[in-house]
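**Student:** This structure is in structure tokens; I'll ask about it shortly.
The values are calculated or read from the model by the stated rules, or taken from the named source; none is laboratory data. Small disclaimer: the values here were computed from a predicted structure and weren't measured. Heads up, the Cβs are rebuilt from the backbone with ideal geometry, glycines too, and the neighbour counts pull from every protein chain shown. Side chains are part of the model used for accessible areas, which takes the heavy atoms of the whole protein and leaves out ligands, DNA and RNA. Shrake-Rupley method; radii C 1.70, N 1.55, O 1.52, S 1.80 Å.
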Amino acid sequence: QLVMGKHSKNNNERAFFSHAERQAAKYGRHSSGLLGGHNTAGGNFVDTGWGSHKRTLDSDAMKDLDACSLTLVPCVDPVITPKGVVYDKQVIYQYILDRKAEIERELRAWTAQQEAEAAGAASEAARAADQRVEEFVARQEGLSKSDLASRRPSDPSSSGGAVGALMGRTLVEDTGKHAADTSFWVPQLTPQSKSLLDKPDGVVRCPITNEPLKLKQLYPLSFTRADESLTSAETLAKPRNERYICPLSKKALSNTNPAAFLRPSGTVVSVSCVDSIIKKDMVDPFTDPPTRLKEKEPTSRDAP
């Protein structure tokens, strides 16, 4: 015997929504058994209801500063797009090559479909022209439509007829114009659904922003290691907040200390240093000689 507890109305084992669940969704309450019920002062308010609870995402929910946007692992050779999306160079290059090959396959399939449609239209036009010629000849010979139809070979798929036979005996014979509707089980009259292909987009796009992606628009990033004595592999093995620092402020780069990159040199610095130092002269101090930055896009704040 199954005995349901006093909080059974809060369970979701039923195949339908209970009244309590509908009220909870309507008024923003999780259930009538929480926070005092329906008839109390604190019941059924949006701030205590379904979908109203908010909490800050912890660090595990945030992508690492130097992580590839495709593999989500720290980049060995990081590059950045104009929109500030970071990728590992080998990963994004392989993605572009695979995407180009896929676009080429899709384009071939679409071209074959267009050619097949053109051939079908030409065949239909030729058949219609032949039929008009036969009708003209029949009129010249004084034949009726029934005589002309008897001359043509019988084709259930073209005439709309359907015939079922069992042990040599005809069971059903349907030659009306609605044969395709009433005798749809006949192989010649089975409805066919065509899956048409859309013309593929011939542009390789960024998988994150869906913007056009080109190799020449991938800029290399130059991170400053927190410990220059470590190798690249040892640096990547360190925790996320102990890998790289800002070369100007010497503070660790992290999601709480966001970074930007200077396009001429590719150096990654903190956004705070961009606001307090770089923007004063609009010069990249890491190039020799220093390169003046563009007024409109001195850095990319979405990166890395």
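**Student:** For the range 197-298, what's the radius of gyration and Dmax over Cα atoms, in angstrom?
**Tutor:** Here Rg and the maximum Cα pair distance are 17.0, 56 Å.
**Student:** Next question, about the same structure. Mind listing the long-range amide H neighbours of VAL283? Cut-off is under 5 Å, sequence gap 5 or more, other chains count too, H placed in the peptide plane at 1.01 Å from N.
**Tutor:** LEU293
**Student:** Kindly state, as a whole number, the per residue volume in cubic angstrom of the convex hull around the alpha carbon atoms of the range 100-139.
**Tutor:** Spread over its residues, the Cα hull of the range 100-139 gives 22 Å³ apiece.
**Student:** If you stretched the chain out fully between GLU106 and VAL73, how much longer would it get, using 0.36 nm times the residue separation minus the C-alpha to C-alpha distance?
**Tutor:** Stretched fully, the GLU106-VAL73 segment lengthens by 8.8 nm.
**Student:** Between beta-carbons, use under 12 Å as the cut-off and find the net charge around VAL133, counting Lys and Arg +1, Asp and Glu -1.
**Tutor:** Details: positive: ARG127, ARG132, ARG139; negative: ASP130, GLU134, GLU135.
With Lys, Arg at +1 and Asp, Glu at -1, the net is 0.
**Student:** Run the quick spin-label model on SER272 and ALA226: label points 7 Å from Cα toward the beta carbon, then report their separation in nm to one decimal.
**Tutor:** The answer from the label model is 1.6 nm.
**Student:** Show me, for the range 245-260, the HN-Hα J-couplings you get by feeding each phi into the Karplus relation (A = 6.51, B = -1.76, C = 1.60, θ = phi - 60°), rounded to Hz, glycine and proline as x.
**Tutor:** For the range 245-260, the Karplus-derived couplings read 10, 6, x, 8, 8, 6, 9, 5, 8, 7, 5, 7, 10, x, 10, 9 Hz, x marking Gly and Pro.
**Student:** Once phi is turned into ³J(HN,Hα) by the Karplus curve 6.51 cos²θ - 1.76 cosθ + 1.60 with θ = phi - 60°, what whole-Hz value does each residue of the range 211-216 show in order, with x for glycine and proline?
**Tutor:** Going residue by residue, I get 8, x, 10, 10, 5, 6 Hz, with x marking Gly and Pro.
**Student:** What is the packing order of peptides 228-237, 65-74, taking the mean over residues of other C-beta atoms within 10 Å and listing the highest first?
**Tutor:** Descending packing order for the listed peptides: 65-74, 228-237.
**Student:** Sort 76-83, 277-284 by the packing proxy (mean of other Cβ within 10 Å over each peptide's residues), most packed first.
**Tutor:** Details: 76-83: 19.6, 277-284: 14.8.
Descending mean neighbour count gives 76-83, 277-284.
**Student:** With a 1.4 Å probe and all protein chains left in place, how much of the accessible area of the range 193-270 comes from carbon and sulfur atoms, in whole percent?
**Tutor:** Ligands and nucleic acids excluded, carbon and sulfur reach 49 percent.
**Student:** GLU211's amide H: which non-local residues (gap 5+, or another chain) put their own amide H closer than 5 Å, with H modeled 1.01 Å from N in plane and none for Pro or chain starts?
**Tutor:** CYS206
**Student:** Same structure, new question: Using a simple spin-label model with points 7 Å from Cα along the Cα→Cβ vector, what separation in nm is obtained for ASP288 and LYS250?
**Tutor:** For ASP288 paired with LYS250, the spin-label model returns 2.2 nm.
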